[in-house]
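As structure tokens, the structure follows; a few thoughts come after it.
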Ligand SMILES: C=CC1=C(C)c2cc3[nH]c(cc4nc(cc5[nH]c(cc1n2)c(C)c5CCC(=O)O)C(CCC(=O)O)=C4C)c(C)c3C=C
Ligand SMILES: [Fe+2]
């Protein structure tokens, strides 16, 4: 029997510092997130980051937390419930870090008699720190606890016409009755070295973008290429004029270079150069979360307004909007009917 496992990133169990610390430990000790040898990673994460960050992150989580829990988890649950209503095979939900765990999601499917699983990483663009780490852990769990199961993975959908259409519709709906000067596409960043590591040709990626428009098999696993491609396709779908939109990368951690331009500097730069009405969309996130609600919706907005901006429109993620639910359900049905 076939079944689907939706997988998102995950959140702490609560906004208490101890829970945030536990979550950050699991997240940042992942070798595909902080990709250095274990001993150095443990020193950086447990010896440096976890000494101060959990307290600050817990404060940030408190600002966005809902009565029902973490927005990312609640929104992912709503998505799963709505998709399940439309799809004939069982659909379960899991998180890469924290709860509900990948193991519990697979157990739930097993209890329903599922042996053929479609893994659906809820990330439009492929990254080593997101999609790849889900697939690696799922395979490890399969070998250890679920040998009777087989997995198929839904590919990155950054340029899928259905995804581009619903993302474009979400932007259009939010902006149609508003005046805006600039639309920023802000994606979660990754360290530049992640892009190099994921280059299957070992020579294509130049980081500076001179390579992203030259066709290459490397693009299948290139986060930077896929982000710019999403921007390009949405801009084309909406008929946006050159110069009225741009791309940037948010949420960097540490001192190493991450993908640029950085969102915080970009937003500040627009305000300082006189842009008054800015809109921002965050296509690397399928569900609203700390990075969209707090970093963009609060911090970036505050900074923009302080520096002279007048309006800052944050476009919600796709979350559980009807057209997105229908698209996901159709992709799943197409796979289940094969
Ligand atoms: C496209 C999705 C994401 C990528 C790529 C990604 C990479 C990445 N993230 C960190 C460090 C942190 N990220 C944090 C939160 C967070 N990250 C994503 C998505 C991607 N991360 C989401 C959806 C969230 C929000 C989770 C939530 O509960 O709402 C955090 C925790 C918060 C904080 O302390 O700032 C950290 C830390 C690294 C190092 C990384 C590397 C490639
Ligand atoms: Fe992150």
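The values are calculated or read from the model by the stated rules, or taken from the named source; none is laboratory data. Since we're looking at a predicted model, the values are computed, not measured. Positions of Cβ are backbone-derived with ideal geometry, glycine not excepted, and every protein chain shown enters the neighbour counts.
Worth pointing out:
- Residue in the range 93-107 that is modelled with pLDDT of 95 or more, surrounded by fewer than 19 Cβ atoms within 10 Å (Cβ to Cβ), within 12 Å of ligand 1 (Cβ to nearest atom) and at positive phi present: no
- Of the helices (runs of 4 or more DSSP H) that lie entirely inside the range 7-74, those containing 2 or more residues that are near ligand 1 (Cβ under 10 Å from one of its atoms) and not assigned by TED's automatic domain parsing to the domain that holds residue 193 span 17-28, 50-64.
- Residue within the range 280-294 that is over 21 Å from residue 247 (Cβ atoms), more than 16 Å from ligand 2 (Cβ to nearest atom) and either assigned to a helix (DSSP H, G or I) or touching a strand residue (DSSP E or B) at 6+ places or on another chain (Cβ under 8 Å) (or both) present: no
- Residue in the range 256-279 that is farthest from ligand 2 (Cβ to nearest atom), counting only those that are within 24 Å of residue 169 (Cα to Cα) and assigned to a helix (DSSP H, G or I): 267
- Among the residues of the range 111-155, the ones that are touching a residue at least 40 places away in the same chain (Cβ under 8 Å), away from ligand 1 (no atom under 16 Å from the Cβ) and not in a helix (DSSP H, G or I) come to 11 in all.
- Output for the range 182-208, where each listed residue is within 15 Å of ligand 1 (Cβ to nearest atom), outside any helix (DSSP H, G or I) and on the phi < 0 side of the Ramachandran plot: 185, 186, 187, 188, 189, 190, 191, 198
- Within the option set 83, 20, 45, being in contact with a strand residue (DSSP E or B) (Cβ under 8 Å, 6 or more places away or on another chain) and surrounded by 19 or more Cβ atoms within 10 Å (Cβ to Cβ) holds for one residue only, 83.
- Residue in the range 240-255 that is in contact (Cβ under 8 Å) with a residue 24 or more places away in the chain, more than 16 Å from ligand 2 (Cβ to nearest atom) and out of contact with any strand residue (DSSP E or B) (no Cβ under 8 Å at 6 or more places or on another chain) present: no
- Among the numbered conditions (1) in a helix (DSSP H, G or I); (2) more than 16 Å from ligand 1 (Cβ to nearest atom); (3) surrounded by fewer than 18 Cβ atoms within 10 Å (Cβ to Cβ); (4) touching a residue at least 12 places away in the same chain (Cβ under 8 Å), the only one that residue 298 does not meet is (2).
- Subset of the range 222-239 [touching a residue at least 40 places away in the same chain (Cβ under 8 Å), out of contact with any strand residue (DSSP E or B) (no Cβ under 7 Å at 6 or more places or on another chain) and more than 13 Å from ligand 1 (Cβ to nearest atom)]: 229, 233, 234, 237, 238
- Members of the range 301-338 that are under 14 Å from the mean Cα position of the chain (by Cα) and either part of a helix (DSSP H, G or I) or under 17 Å from residue 182 (Cα atoms) (or both): 316
- Count - residues of the range 248-295 that are more than 9 Å from ligand 1 (Cβ to nearest atom) and over 29 Å from residue 206 (Cα atoms): 9
- Subset of the range 209-232 (residues that are over 20 Å from residue 263 (Cβ atoms) and in a helix (DSSP H, G or I)): 217, 218, 219, 220, 221
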